[in-house]
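Heads up, the thing below is written out as structure tokens.
The values are calculated or read from the model by the stated rules, or taken from the named source; none is laboratory data. Remember, predicted model here, so these are calculated numbers, not experimental data. All Cβ positions, glycine included, derive from the backbone under ideal geometry; neighbour counts span all protein chains shown. All accessible areas refer to the heavy atoms of the entire protein, side chains included, with ligands and DNA or RNA removed. Shrake-Rupley method; radii C 1.70, N 1.55, O 1.52, S 1.80 Å.
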Amino acid sequence: MKLAIACDHGGFSLKEAVKKYLLEQEIEVEDFGCHSRESVDFPDYARKVGESIMAGKNELGILCCGTGIGMSIAANKIKGIRAAVVGDVFSAKATREHNNSNVLCLGERVTGEGLAVLIVETWLQAEFLGGRHEKRVGAIGELEKHLC
Ligand code: RB5
């Protein structure tokens, strides 16, 4: 399992905490930054992670910002990315099982480190259920072809 991780200044501490957890689990992590509290623009980091997944360099991604929301909006603009903002364990499991999400977005100003790590653990352990969800995930892909 290879995992891409990134953050903006608002998610820097949470990214570091999540990365530490992942490395402890011996999960290979590619860290796309940022590396400090200096102000940066989150779409640049969502793009790095999304593109690395679509290029097949990483299987899944985790993005941290203040709320997780800006990162998810930006990441979901990349074809093939299904990014979910998650702040609870139930949704962490459901978004892998039902949505086959490939990017998890976390908000440092919303979710404490302990819960965030539990969310990451749950998300990584859950698996896409396929079946009836396959058609729906496929329909999300069809929306990407919508020209307007
Ligand atoms: C940065 O101040 C903040 O806007 C960003 O981290 C994020 O919360 C955006 O959605």
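Quick notes on this structure:
- Other residues within the sphere of radius under 12 Å centred on the Cβ of Glu16, judged by their own Cβ, net out at +1 (K and R +1, D and E -1).
- Structure-based [θ]222 nm, the chain - -39500 (n - 2.57) summed over DSSP H runs of at least 4, per residue, nearest 500: -14000 deg cm²/dmol
- Only lysine pairs 8 or more places apart, or on different chains, with alpha-carbon atoms under 15 angstrom apart are counted in the chain, and they number 10.
- Each Lys or Arg adds one and each Asp or Glu takes one away; over the other residues whose Cβ falls under 14 Å from the Cβ of Gln25, this sums to -1.
- Legend: Rg and Dmax of the chain, from Cα coordinates, 14.3, 45 Å.
- For the stretch 83-144, the relative contact order is 40 percent, taking Cα pairs closer than 8 Å that sit 6 or more residues apart in sequence and dividing their mean separation by the residue count.
- Normalising the average separation of contacting C-alpha pairs (under 8 angstrom, six or more residues apart) by the number of residues puts the relative contact order of the stretch 1-86 at 36 percent.
- Calculated accessible area for the chain comes out at 53 Å² per residue, all protein chains present (probe 1.4 Å; ligands, DNA, RNA ignored).
- With a cut-off of 15 Å between beta carbons, the residues surrounding Lys2 carry a summed charge of -3, where Lys and Arg count +1 and Asp and Glu -1.
- Student exercise, the chain dipole from Lys, Arg, Asp, Glu Cβ charges, in Debye to nearest 20: 500
- Per-atom-type breakdown for the stretch 7-48 gives carbon and sulfur 45% of the accessible area (1.4 Å probe, protein chains only).
- Reference-scaled alpha-carbon Rg (2.2 N^0.38 Å with N residues) for the stretch 80-146: 1.17
- Think of the stretch 40-119 as a dipole: +1 on every Lys or Arg Cβ, -1 on every Asp or Glu Cβ, centred on the Cα centre; then among Ala116, Gly87, Ser52, Ser52 lies furthest on the positive end.
- Given the chain, longest segment not containing exposed loop trypsin sites (Lys or Arg not before Pro) (DSSP; at most 10 other Cβ within 10 Å): 1-78
- Computed over the chain: relative contact order in percent, which uses C-alpha pairs under 8 Å that are six or more apart: 24
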